[in-house]
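We did not get these values from a lab; they are worked out from the coordinates using the rules stated. The model shown is predicted, which means the values in this text are computed figures rather than measured ones. Positions of Cβ are backbone-derived with ideal geometry, glycine not excepted, and every protein chain shown enters the neighbour counts.
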Amino acid sequence: MKKTVCLAISSLIIATVFMGCTTKKEDYEAYSYASGETVNSVTIDVRDRIIEVSLSEDNKVHIGYFESDKERYDISVSDGGALMMTIANSKD
């Protein structure tokens, strides 16, 4: 009986500690990108994100994404037409 009570109390304390570690929810703002130049290849270097790929009617690359104060993306096109999207986190 003592083991069950100690286990329950320990679980409650651990859960309380982890709930106290959460931070304020970030506000995300929607952005979009449309390629103005010719793109021959696309590299998206992000993790833990849902990425949807579909054909564009105007033969341009369109990217819709969300950014916050601590999480943003760098999008660039090289001279050779390689589009690169990378995440630039400033989270602690």
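The Cβ shell under 15 Å around residue 83 holds other residues with a net charge of -3, Lys and Arg each +1, Asp and Glu each -1. Each Lys or Arg adds one and each Asp or Glu subtracts one; over the other residues with Cβ under 13 Å from the Cβ of residue 73, this totals -1.
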